[in-house]
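Here's the structure we're looking at; comments come further down.
The values are calculated or read from the model by the stated rules, or taken from the named source; none is laboratory data. This is a predicted model, so every value here is computed, not measured. As a convention, Cβ positions derive from the backbone with ideal geometry for all residues, glycine included, and neighbour counts pool all protein chains shown. Protein only, heavy atoms only, side chains kept; ligands, DNA and RNA dropped before computing areas. Shrake-Rupley method; radii C 1.70, N 1.55, O 1.52, S 1.80 Å.
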Amino acid sequence: MRVIGLMSGTSYDAIDAAAADLTIDGDRLLLSPLGLITRGYDEELRTTLAAALPPAATTLADVCRLDTRIGQAFATAAAEADRELCDGRAELVASHGQTVYHWVADGQVHGTLQIGQPAWIAEATGLPVVADFRPRDIAAGGQGAPLVSIVDRMWLRGRPGAPAALNLGGIANITAADGTAFDTGPANALIDAAVRELTRERLTYDMDGEMAARGTVDEGLLAVLLREPYYARPAPKTTGKELFHLPYLRAALAGYETLAPQDVIATLTLLTARTVADAVRSVDASEVIASGGGTRNPTLMAFLRAELGDKVPVRTSDELGLPSAAKEAYAFAVLGFLTAHGLPGTVPESTGARHASVLGSITPGRAGVRVPAPEGGGPVRLVVDGRER
C-alpha cells in the first residue's frame, strides 16, 4: 500500500509529508521510503495559530477557522506529495493534524485536540484519510503519546543491547527497548520561545546552535529550570506547550534579566540535553537513535553526547536508513497503514493504556473505504528499505 504520512509537530512551523510503500511480509512490515516534502505554514496562519495556543484565550470561532485553514494546508501538502512522490498512485493518507491542546491534570491525560479537518484532505486527493489518532488511546486510559513508540519498537527490534529511540521536536520523547516511552520535557520548545523573545522576532530559532555555542551556561538559571516537577514524575507521562510556553519561560527568567541572550540560549540548550540524558539513564539505554529537528542543532547534540559520555553513543536515524527529518511523518504513515488493516497502533506499556487499540477515525475517499479484517497478530518488525536492524 502506498501511504502519505502528514505531520506538524509542537513547533507548528511546517507540514511534513512523507510517502512510503508499505507491505506486510510474515512478521515483518517492509517500508520503502519514497521521499519527503516540507511546506511551511504561511505567516498569517502561523501567527493566528500561535495567538490561539495556551495559555492564550481563544474562541470557538477561531478554533473553527483554524481547523479549516490547517485542514486546507494539510490537503495542499498531501496532494503535492501524491503528485511529486507517488506519481499520483497513493492509496491512503494518514494525518496527525496539529496539536493545539493536550489536557493533563494530576498526571492523567483526560483529552487531546488535534485540528486540521481531514475532509479537506479527502476532497483534495480523493483518498481515504486516517486522522485523530490519539483520543482512542486516551479513552483506553493511556497518555495518547508517544504514539511513535510502536514504530520505534518494531524498527529497533533485534538490534544489539538496549537501544532507545529519541525524537527532538518541540517536545522530546523517548522509547526504550522494554517498551517504556514518555515525553522527557522540552526539546526545542523553550529554546525557540527564548530566541523569538530575545531577538524581538528577528529570529525564530537558533540556527545551527550558533547562539548557544557563543553563550555560557548559567548554573543558577539551570538549577531553577531543573526544579520543574514534571522531570521527576514517573513514566508513562506526557507534556507539551501547555506547560513549556513563553509565560513559563518569562517566569523562570525573573531575576536573570541581565543575562546575555546567548547565555540564556546556552542554558536552555543544556536543560534539554540534561533532561534527555537523565531520561536515557533511567531506562538503562545502551545507545540513542535520535531524530527530529533538534538533530540539526550541533550544539544541542554535542551537549547531549557530553552528558551521556562514551558509554552511550548517540546516533541519528539517518545512519540506520530512516531520514531524521521525516521519521515522525513516516511513523504516522505506518500508524495509518495499521489502522487501514484493522491492526492495533499502540503499545500499552508505552502509553499506560489498559489495552492496545486500533487508532483513529477514517474519512472515506471518493471510492469509499474498506477496512480488512486483521490477519494474525500483525507485524512485529519494521524493515526500512530492505535494511534489517
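Is there a residue being modelled with pLDDT of 95 or more, outside any helix (DSSP H, G or I), surrounded by fewer than 21 Cβ atoms within 10 Å (Cβ to Cβ) and of a type in the set (A, V, I, L, M) anywhere in the range 105-113?
For the range 105-113, residues modelled with pLDDT of 95 or more, outside any helix (DSSP H, G or I), surrounded by fewer than 21 Cβ atoms within 10 Å (Cβ to Cβ) and of a type in the set (A, V, I, L, M): present.
Being over 14 Å from A273 (Cβ atoms) and either in contact with a His (Cβ under 7 Å, 6 or more places away or on another chain) or without any contact (Cβ under 8 Å) to a residue 40 or more places away in the chain (or both) is the filter here, so list the residues in the range 288-316 that pass it.
D310, K311, P313, R315, T316
Conditions: (1) open to solvent by 30 Å² or more (accessible area, probe 1.4 Å); (2) assigned to a helix (DSSP H, G or I); (3) touching a Pro at 6+ places or on another chain (Cβ under 8 Å). A122 meets all but one. Number of the miss?
Status for A122: all satisfied but (1).
For G209, all conditions in the list (1) surrounded by fewer than 19 Cβ atoms within 10 Å (Cβ to Cβ); (2) touching a Pro at 6+ places or on another chain (Cβ under 6 Å); (3) not aromatic (F, W, Y) hold save one; what is the number of the exception?
Looking at each condition in turn, G209 falls short on (1).
Scan the range 341-352 residue by residue and report those that are open to solvent by 10 Å² or more (accessible area, probe 1.4 Å), of a type in the set (G, A, S) and touching a residue at least 60 places away in the same chain (Cβ under 8 Å).
Hit for the range 341-352 is G352, nothing else.
For the range 362-379: of the residues being at pLDDT 90 or above and over 20 Å from E328 (Cβ atoms), which is surrounded by the fewest Cβ atoms within 10 Å (Cβ to Cβ)?
R366
In the range 258-369, which strands (runs of 3 or more DSSP E) lie fully inside it and hold 1 or more residues that are closer than 19 Å to G9 by Cα and either polar (S, T, N, Q) or out of contact with any strand residue (DSSP E or B) (no Cβ under 9 Å at 6 or more places or on another chain) (or both)?
Strands (runs of 3 or more DSSP E) meeting the threshold: 287-291, 314-316.
Anything in the range 216-257 that is part of a helix (DSSP H, G or I) and touching a Phe, Trp or Tyr at 6+ places or on another chain (Cβ under 6 Å)? List them, or say none.
Passing the criteria: only L221.
For the range 234-245, check the following and say yes or no: at least one residue is among the hydrophobic types (A, V, I, L, M, F, W, C), within 16 Å of V195 (Cα to Cα), buried (at least 19 other Cβ atoms within 10 Å of the Cβ) and under 20 Å from the mean Cα position of the chain (by Cα).
yes
Which of (1) in contact (Cβ under 8 Å) with a residue 60 or more places away in the chain; (2) of a type in the set (A, V, I, L, M, F, W, C); (3) open to solvent by less than 10 Å² (accessible area, probe 1.4 Å) does A285 not meet, given it meets every other one?
For A285, the exception is condition (3).
Per-residue answers, yes or no, for (1) farther than 17 Å from L6 by Cα; (2) surrounded by 17 or more Cβ atoms within 10 Å (Cβ to Cβ):
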site: L36; (1), (2): no, yes
site: L53; (1), (2): yes, yes
site: D67; (1), (2): no, yes
site: L85; (1), (2): no, yes
site: R89; (1), (2): no, no
site: A94; (1), (2): no, yes
